[in-house]
Structures are given as C-alpha cells and as structure tokens.
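*Asks:* If you scroll down you'll find the structure; I have some questions about it.
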Amino acid sequence: MEQGKPLKNPIDLRELLNGGTGFSLDADFKSEHVGNEFFLEDDFGSEDEDEDSHKQMMSPWTQSFDELRQQMEPVAEHIHKRIMKRGVGEPVRGNVRVTLDYNAFFEKEPTTFDSTTLRNAPYSFTVGKDSILEGLEKAVLTMCVSEEAQFVIGYPLLFGEVGCMPRIPPKADALFVVRLHKCVDVGDASALQTLEDSERRTYALVKKRVVEIRAYAKNCFQRNMIQNAIHKYLEAVDTLQLCDLKDAAETNEQQETLISLYTSLAVCYNRKDQPKDACRMINELRRLCDINLYAKILYQEGKALHRLGEFKRARQVLVRAQQLEPRDENIQRELRSLLESTEKFTEEERNICRRAFGMKDTQKKSVTAEQQAFAQMVKESMKHFMEDDQSTTLPLPDGLTDAEVNVLQEVADEMKVKLSVQVDNNKKNYKFQK
C-alpha cells in the first residue's frame, strides 16, 4: 500500500472550523529520512533539540483507543484522562485565561494532525468565551498549572459524526497530549458598570468589583492591550474616589488601592511612551503617599523624566530608587541608559558650541566630561549612604567598565570609604564599604 505524503506545514484546526484553510503536501519527503542525517541540515536548533521535538510529533500510543481508555480515568462524558506529570494548585476554574501546548493524534495514526509544538506557538484562550473544541476545553478544566496529561476525547466533543473530509474522518476520536503552562484570572470588564448609582457609594460593594476590574486590566496589559488596561484602571480610580468611607480602616484600604492603581497607570503610560501622562499619575501618588519610600514609583518617574529630557531630575529620582532596591536590574539598566543619554546630549551641546565659535574637537575633553557625569551620579548616591548610620555597604551596578571602576576608586578615596570587589562565576560585583 502506498504511503501518504506529509504536510509541509501543520493545519490550524481553528481556521479549519471557521471557514476553511489551505495546505500543501511535501512531495519531496523521503520516508527513509528518519535518522540523524535528516536533522543535521536543520538551521533552527541543535540535533538533540530537533530529535526531542520530533518525538513530540509522534503519537505516544499506537494501539486502539479502547485499550488506552482501560489505562485512564473517566473525568467527564466522552473524556478519559491519564496524568503524566502532576501540577500545582487547584484545577482550572472561574473566569480565567489559560496558556497551553498540545499535540493531537487520531487513532492508530503515528503523527500529529494538530500541534502547537509544531507551530512553536502555545495556545491561549479564555474559558467559556473563545472558540475552541468543546472536548479540549472540558479536558483543560480538569488540569492544574504545570500539569501534563493525556486525554482520549470522543468525537461528539470534537468534530462530530461527519468530521471534515478528507483531513478529519467521520466519528473521529482523538488523543490530546496537553501541558498547561499558566492560568490567569481575567476579571470582569463590566463589574463596575452593573452597579446601581446608590451601590457605587458603598465601599464594601465597590472594592469587590474593583478586584475584578484590576484583574481584567492586568490581563489586558499582559496581552499588550495597553489602552484597554488604562481605560479600566481609570474607571476603578474614578469609582473608588466617589465612595463614602465609614471609618479609618476603609480610608486606609482605599488609599492603598489607589496607590496600586495609579502606579499601574504610570507603568501603562510609560509603556505607551506617554511620559507626561505618567508624570501626572506620579503627581497623584504624591497626594496619597511619600513616593520616596516606593522604589517602583520612583523608577517609573525616573523613566518618564528621562524620556522628557529632564536628565538631572531623572538621575536624582533613579539614584533614590537604587538606594531602596540596590540589586534591581531594571533600575540599573535605566541608570546606564540615562548616563548614555546625558553624555550624548552633552556632546551635542558641545559640538554646537564648537561649530558656533570655530573651536576644534578634542577627544580628551569628551572622555573627561563622561567621567565627570558618572562621578557626579556616584557622589549623589554616596551622600545618602554616608548619612545613613545603619548602612555599612552600598552595592554597585553590574557591568561596570574599567574607566567607571577608576572613577569609583577616586570617589572612594575622596569619601574615605573602601571599594571592594567580589568575583562570583567570573562576574565582578563591586561595593562601597564604610
């Protein structure tokens, strides 16, 4: 019997069910190419990685599904399950968005007919809302995060009695090998809109709905739907501020929630490259708290000021953030980026002056200016360190150049402190010690 030809690319069943899809056969594929030589010419990964992916494409069960069901547990009508690796937490439930990988096989078929692994794209869907095979969704609802499981799903929950010939046979049961990566609460976008006007004044009712709105906005942010996230965060802020507060406990709780909401808004505006709006959110936070105690808020303000070209203020804010979180890589990265921007701006100003007055360029002056800018930043950070009697060490950023280390040594000598270095896995970690 003549063997069929494999597909060049996998068929996406979601496209197939929603209007159809196109496909092409690999007429040049030779069945004898099953050894290592087939993978050596692949430019997309190592031989071992490709071999592992190839194994995932092959069905883990080549006998009848009835025999496999005998080794599984029935978890719902037309669904049998076998856990290969246990997950953590509780099974999927509620208004959540899940991300998973799966490989699907028809009975006694050696290769997959649908695979996120082959597409190299994990699949995400919101439970109860997105278009997905009913049987697969019900199967996922029995899983926990990080779990790996095999499911035999009956045709009534997949493609029905007719199937979709020639690709999907009639009454086709299927084996799904599923790995659940994550499960995120997506909240309820309309949680606040369903409140009556009188209910909007009651803090106890509003705060529960705000939890749903925040979860929805966070999910939007993670999916890069930044404007949607901003809209919902602002809705939560406006509703919270209209509430009648009956005691100090509600007042404090409302304030903490508003701090979180305005901080999230600053993050969103910075992500959308709207630094002025981010600064507006920081100013709202100043009314609610002492932002000098919050490294995350200072970091967002420093980013916004950097993008607005207010380099001096940005440096002051970021240095304070670094004092609160000396090992935070985001703060360190922003400080290095700020230093580069400052040097570039200074050099541009210097070039304008040279051209205006006919002065000649000298590399020596440029290097000295860079070192002076870095030294000034270090001294500002050192000022708070020296005034704090409780602090004995000040960790310094990673990735320092030799020139920057020389500057640090000069500052250490001037401030009468010790510059020490610790080598860990060929990586030098510098710090000041009193």
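*Asks:* Amide H to amide H, which residues 5 or more places from M143 or on other chains are under 5 Å from it, using H placed in the peptide plane?
*Replies:* When sequence neighbours closer than 5 places are left aside, the close amide H contacts are V92.
*Asks:* Next question, about the same structure. Taking each pair of different alpha-carbon atoms in segment 58-189 once, compute 1/r for the pair, average those values, and report the inverse of that mean as the Kirkwood hydrodynamic radius in Å to one decimal.
*Replies:* 15.1
*Asks:* Given a Förster distance of 51 Å, report the FRET efficiency between R287 and I83 from their Cβ-Cβ distance, rounded to the nearest 0.05. Show your work: numbers first, answer last.
*Replies:* Details: r = 52 Å, r/R0 = 1.02.
It comes to 0.45.
*Asks:* Test of understanding: what is the full-extension gain from M415 to S391, defined as 0.36 nm times their sequence separation minus their Cα-Cα distance?
*Replies:* 7.1 nm
*Asks:* Of the listed pairs K138/K218; K303/K344; K344/K418; K246/K303; K208/K246, which have alpha-carbon separations greater than 28 Å here?
*Replies:* Checking Cα-Cα distances, K344/K418; K246/K303 exceed 28 Å.
*Asks:* Could you bin all the Cα-Cα distances of segment 270-316 into 10 Å bins starting at 0 and give me the percent of pairs in each, rounded to whole numbers?
*Replies:* Reading the bins upward from 0: 30, 59, 12.
*Asks:* Could you order the peptides 320-333, 238-251 from most to least packed, using the average number of other C-beta atoms within 10 Å per residue? List each step's numbers first, then the result.
*Replies:* Working: 320-333: 17.9, 238-251: 13.1.
Answer by packing, highest mean first, reads 320-333, 238-251.
*Asks:* Now for a different question. First obtain the Kirkwood hydrodynamic radius of segment 196-353 from its Cα pairs, then insert it into the Stokes-Einstein equation at 4 °C and 1.567 mPa s, and state the resulting D in µm² per second as a whole number. Spell out each step's value before the answer.
*Replies:* Values: Rh = 17.0 Å.
Roughly 76 µm²/s, to the nearest whole number.
*Asks:* Given Cα positions, please report Rg to Rh for segment 202-291, the hydrodynamic radius being the Kirkwood one.
*Replies:* 0.98
*Asks:* Between V162 and A204, what is the label-to-label distance in nm when each label sits 7 Å out along the Cα-to-Cβ direction?
*Replies:* That separation, rounded to one decimal, is 5.5 nm.
*Asks:* If you don't mind, there's one more thing I want to ask. For segment 146-294, what is the percent of antiparallel DSSP beta bridges, rounded to the nearest 5? Mind showing how you got there, number by number?
*Replies:* Working: 7 of 8 bridges.
Within segment 146-294, antiparallel bridges account for around 90 percent of the total.
*Asks:* Using only the Cα atoms, what convex hull volume per residue in Å³ does segment 131-181 have?
*Replies:* Working: hull volume 4.0 nm³, N = 51.
Cα convex hull per residue, to the nearest whole number: 79 Å³.
*Asks:* If packing is taken as the mean number of other Cβ atoms within 10 Å per residue, what is the order of 161-168, 267-274, highest first?
*Replies:* Numbers: 161-168: 13.1, 267-274: 18.2.
By packing density, highest mean first, the sequence is 267-274, 161-168.
*Asks:* Run the quick spin-label model on T346 and Q70: label points 7 Å from Cα toward the beta carbon, then report their separation in nm to one decimal.
*Replies:* Between T346 and Q70, the label points sit 8.0 nm apart.
*Asks:* Between K379 and N252, what is the FRET efficiency for a Förster distance of 41 Å, r being their Cβ-Cβ separation, to the nearest 0.05?
*Replies:* 0.60
*Asks:* Could you order the peptides 374-380, 66-72 from most to least packed, using the average number of other C-beta atoms within 10 Å per residue?
*Replies:* Numbers: 374-380: 17.3, 66-72: 13.0.
The packing order, highest mean first, is 374-380, 66-72.
*Asks:* Modelling each spin label as a point 7 Å along the Cα-to-Cβ direction, I'd like the R271/L245 distance in nm, to one decimal.
*Replies:* 2.8
Each reported figure results from applying straightforward, stated rules to the coordinates on display, with no laboratory input. Quick caveat: nothing in here was measured; it's all calculated off a predicted structure. Cβ: placed from backbone, ideal geometry, glycine included. Neighbour counts: every protein chain shown.
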